[in-house]
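*Asks:* Before anything else, here's the structure in question.
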Amino acid sequence: MKMIAIFLLVMVSVCGLLFIGAVNPPEAKAVPSYARQTGLPCSGCHYTPPELNPAGRRFKLTGYVDRADETKVVKSDGSKKRAALDLLASLPLSVMLDTSYTSTKSPIPATQNGSFQMPQDISLFLSGAWTSHVGSFVQVTYDTQDDHFTMDNTDIRFANTTKLGGKEFVYGLDLNNNPTVEDLWNTTPAWSYPWIASDWAPTPNASPIINGGLAQDVGGIGGYGMWDNHLYFDAAVYRSQHVGTPQPFDGNGANTIRGLAPYWRVAWQQLTGKTQYEFGTYGIHVQATPGAVTGPKDAYTDFAFDTQIDRTMFRTDVLSFRASYIRENSDLLASFAGGGANESKHHLNTVLANAEYHIGNKYTGTFGWFNTTGTSDLGLFPSGAVSGNFNGDPRGSGYIANFTYWPWQNLLLGAQYTGYTRFNGAANNYDGAGRNANANNTIYLDAKIIF
């Protein structure tokens, strides 16, 4: 009854915010740094954040440097002996405050269910043009559970434009700390659905390494290009950086990349008056040693196929469909030698798909489905209450339903339900301690303001 009362209290509060936003929306003046720089509202580049429309993809492709004619800059022309200067008159800073409520169908044993976090996290952004051809998306985030700020997604790029075969060719260099964060579409892991998520609700323990397994733990540099606004390619290499670890690190307690981890991406897009299509492939090859920097290696090869379709339906309404398939082949010689796996050869298959309807840029409804299968291994996926696998099976499947309301373009109010049909290998008693997959079904309410 207490959990129900807390849930109702939060729902009443959210509904109150919805009502206030609906009857008295202020002008959209407090917008993030990209909007200040370009003079465009958030909807100029997004269907709804973080989903990029064609203009938003081009803004990112060309280095985050486009600006309005009236944007104030400090500028000095260069010559043979004098360096040029092209600097925004004010720092491109933004802030995000995220507060949330999370409740699972069954409590995690010996813990309180129905948690309200104010905030769940706070992010600071340095995002905008640094000079004529260099710009950034740099995020640092305060996590209330860890009680400190740390580096979050970072994407710094140089871009320029020329002609190739008589067609426009945009090319650039990119520095980032999360493979796929540099991508232009919402089908690759860094920017894929769901857009909001609890920071403590249980999730399945089997996932390809490219699906967030390297996020903020690596540093990478790469080159990319877009020919004729159709053919896109990107190639990069990554090394471990282990944020928060003294340098040079000894690998203790971390999975350290040996040598360089190559990442690749190729995509084709087609734009028509009402429809935008994309289909492509991406992947990464990683050789790493857990807990050391020498000795046997674990090898992962992930390759994926993805597609995205955005179709304008009625005036400004947009229907979006996105899907991806990730195949991971791994040879875990180091884990096998250290007793962390019962066999060395493994694979994972992950399918993600979702459909979303945007009513203008104010309301969105999304339904997504996910499914993972792979090699069973009790050494790699051991048993244990809540987070374990009683049978060592990595299978997991379920759905995510989301409704989001944007009373203003920089305020998100979202409600999301995640349901599991299989969790860590089974529908019933998956952990050997009597917990069923649907016990982890999660209600998540989120309020996020960006200014």
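The values are calculated or read from the model by the stated rules, or taken from the named source; none is laboratory data. The structure presented is a predicted model; accordingly, all values stated were derived computationally and were not measured. Please note: Cβ atoms are built from the backbone with ideal geometry, for glycine as well, and neighbour counts cover all protein chains shown. Surface areas here come from the heavy atoms of the whole protein model, side chains and all, with no ligands, DNA or RNA. Shrake-Rupley method; radii C 1.70, N 1.55, O 1.52, S 1.80 Å.
*Asks:* Is there a residue being touching a residue at least 60 places away in the same chain (Cβ under 8 Å), among the charged types (D, E, K, R) and open to solvent by 50 Å² or more (accessible area, probe 1.4 Å) anywhere in the range 72-87?
*Replies:* There is no residue in the range 72-87 that is touching a residue at least 60 places away in the same chain (Cβ under 8 Å), among the charged types (D, E, K, R) and open to solvent by 50 Å² or more (accessible area, probe 1.4 Å).
*Asks:* Regarding the range 118-128, can at least one residue be identified that is open to solvent by 20 Å² or more (accessible area, probe 1.4 Å), in contact (Cβ under 8 Å) with a residue 60 or more places away in the chain and under 30 Å from residue 423 (Cβ atoms)?
*Replies:* So far as the range 118-128 goes, yes, one or more of its residues are open to solvent by 20 Å² or more (accessible area, probe 1.4 Å), in contact (Cβ under 8 Å) with a residue 60 or more places away in the chain and under 30 Å from residue 423 (Cβ atoms).
*Asks:* Please verify whether the range 409-421 includes one or more residues that are within 25 Å of residue 99 (Cα to Cα) and among the β-branched types (Val, Ile, Thr).
*Replies:* Of the residues in the range 409-421, the ones within 25 Å of residue 99 (Cα to Cα) are 409-420.
Now narrow it down to the ones that are among the β-branched types (Val, Ile, Thr): 418.
Yes.
*Asks:* Same structure, new question: Can you tell me how many residues in the range 395-410 are within 19 Å of the chain's Cα centre (by Cα) and at pLDDT below 95?
*Replies:* Final tally of qualifying residues: 1.
*Asks:* If you check residue 86 against the conditions, is it modelled with pLDDT under 95 and in a strand (DSSP E or B)? Give the derivation first.
*Replies:* Details: modelled with pLDDT under 95: yes; in a strand (DSSP E or B): yes.
It is true that residue 86 is modelled with pLDDT under 95 and in a strand (DSSP E or B).
*Asks:* What's the number of the only condition in (1) closer than 20 Å to residue 199 by Cα; (2) out of contact with any strand residue (DSSP E or B) (no Cβ under 6 Å at 6 or more places or on another chain); (3) of a type in the set (A, V, I, L, M) that residue 450 fails to meet?
*Replies:* Status for residue 450: all satisfied but (2).
*Asks:* Shifting gears a bit: Any idea which residue in the range 89-117 is farthest from residue 429 (Cα to Cα), counting only those that are outside any strand (DSSP E or B) and open to solvent by less than 70 Å² (accessible area, probe 1.4 Å)?
*Replies:* Filtering the range 89-117 for residues outside any strand (DSSP E or B) gives 89-92, 105-114.
Restricting the remaining residues to those that are open to solvent by less than 70 Å² (accessible area, probe 1.4 Å) gives 89, 92, 106-108, 113-114.
On the way: 89: 60, 92: 51, 106: 13, 107: 15, 108: 14, 113: 20, 114: 23 Å.
Looking at residues that are outside any strand (DSSP E or B) and open to solvent by less than 70 Å² (accessible area, probe 1.4 Å), I get 89.
*Asks:* Quick one: in the range 140-173, of everything that is of a type in the set (D, E, K, R) and either more than 30 Å from residue 120 (Cα to Cα) or in contact with a Cys (Cβ under 9 Å, 6 or more places away or on another chain) (or both), which residue is surrounded by the fewest Cβ atoms within 10 Å (Cβ to Cβ)?
*Replies:* 163
*Asks:* Also, quick follow-up: Taking the stated definitions as given, is residue 136 buried (at least 17 other Cβ atoms within 10 Å of the Cβ), part of a loop (DSSP other than H, G, I, E, B) and among the polar types (S, T, N, Q)?
*Replies:* Values: buried (at least 17 other Cβ atoms within 10 Å of the Cβ): yes; part of a loop (DSSP other than H, G, I, E, B): no; among the polar types (S, T, N, Q): yes.
Against the criterion (buried (at least 17 other Cβ atoms within 10 Å of the Cβ), part of a loop (DSSP other than H, G, I, E, B) and among the polar types (S, T, N, Q)), residue 136 does not qualify.
*Asks:* Quick one: in the range 414-437, of everything that is closer than 26 Å to residue 448 by Cα and of a type outside the set (A, V, I, L, M, F, W, C), which residue is most open to solvent (accessible area, probe 1.4 Å)? Break it down into steps so the answer makes sense when it comes.
*Replies:* The initial filter retains those residues of the range 414-437 that are closer than 26 Å to residue 448 by Cα, namely 414-420.
Add one more test, that the residue is of a type outside the set (A, V, I, L, M, F, W, C), and what stays is 414, 416-420.
Working: 414: 7, 416: 14, 417: 81, 418: 20, 419: 0, 420: 23 Å².
Among those that are closer than 26 Å to residue 448 by Cα and of a type outside the set (A, V, I, L, M, F, W, C), it is 417.
*Asks:* Something else now. For the range 296-306, does any single residue satisfy the condition of being open to solvent by less than 60 Å² (accessible area, probe 1.4 Å), acidic (Asp, Glu), under 23 Å from the mean Cα position of the chain (by Cα) and closer than 30 Å to residue 443 by Cβ? Explain how you work it out, then say what you get.
*Replies:* Filtering the range 296-306 down to residues open to solvent by less than 60 Å² (accessible area, probe 1.4 Å) leaves 298-302, 304, 306.
In the following step, the residues that additionally are acidic (Asp, Glu) were identified as 298, 302, 306.
Now restrict to residues that are under 23 Å from the mean Cα position of the chain (by Cα): 302, 306.
Those still in the list that are closer than 30 Å to residue 443 by Cβ too: 306.
The answer is yes, given that some residue of the range 296-306 is open to solvent by less than 60 Å² (accessible area, probe 1.4 Å), acidic (Asp, Glu), under 23 Å from the mean Cα position of the chain (by Cα) and closer than 30 Å to residue 443 by Cβ.
*Asks:* If residue 403 meets every condition in (1) within 30 Å of residue 35 (Cα to Cα); (2) crowded, with 17+ Cβ neighbours inside 10 Å; (3) out of contact with any Cys (no Cβ under 9 Å at 6 or more places or on another chain) apart from one, which number is that one?
*Replies:* Answer for residue 403: the failing condition is (2).
*Asks:* Now for a different question. Within the bounds of the range 366-381, is there any residue that is out of contact with any strand residue (DSSP E or B) (no Cβ under 8 Å at 6 or more places or on another chain) and open to solvent by 30 Å² or more (accessible area, probe 1.4 Å)? Spell out the reasoning first.
*Replies:* Pass one, the range 366-381, residues out of contact with any strand residue (DSSP E or B) (no Cβ under 8 Å at 6 or more places or on another chain): 376, 378-379, 381.
Next, from what is left, pick out any that are open to solvent by 30 Å² or more (accessible area, probe 1.4 Å): 376, 378.
Yes: the range 366-381 contains one or more residues that are out of contact with any strand residue (DSSP E or B) (no Cβ under 8 Å at 6 or more places or on another chain) and open to solvent by 30 Å² or more (accessible area, probe 1.4 Å).
*Asks:* Next question, about the same structure. Among strands (runs of 3 or more DSSP E) lying entirely in the range 273-380, which contain 1 or more residues that are under 30 Å from residue 242 (Cα atoms) and touching a His at 6+ places or on another chain (Cβ under 6 Å)? So that I can check it myself, show each step before the final result.
*Replies:* On the way: elements: 275-290, 298-312, 318-332, 345-359, 363-374.
Counting at least 1 such residues, we get 298-312, 318-332, 363-374.
*Asks:* Further question: Could you grab the pairs with beta carbons closer than 7 Å, sequence gap of 6+ or different chains, first residue in the range 183-200 and over 14 Å from residue 402 (Cα atoms) and among the hydrophobic types (A, V, I, L, M, F, W, C), second one in a loop (DSSP other than H, G, I, E, B) and open to solvent by 10 Å² or more (accessible area, probe 1.4 Å)?
*Replies:* 190/178; 191/50
*Asks:* Also, I was wondering about something else. If we scan the range 61-76, do we find a residue that is acidic (Asp, Glu), modelled with pLDDT of 90 or more and over 30 Å from residue 442 (Cα atoms)? Write out each step before concluding.
*Replies:* Restricting attention to the range 61-76, the residues satisfying the condition of being acidic (Asp, Glu) are 66, 69-70.
Still in the running and modelled with pLDDT of 90 or more: 66.
Then drop every residue that is not over 30 Å from residue 442 (Cα atoms), which leaves 66.
Within the range 61-76, one or more residues are acidic (Asp, Glu), modelled with pLDDT of 90 or more and over 30 Å from residue 442 (Cα atoms).
*Asks:* For the range 178-192, state whether one or more residues are within 30 Å of residue 443 (Cα to Cα) and acidic (Asp, Glu).
*Replies:* yes
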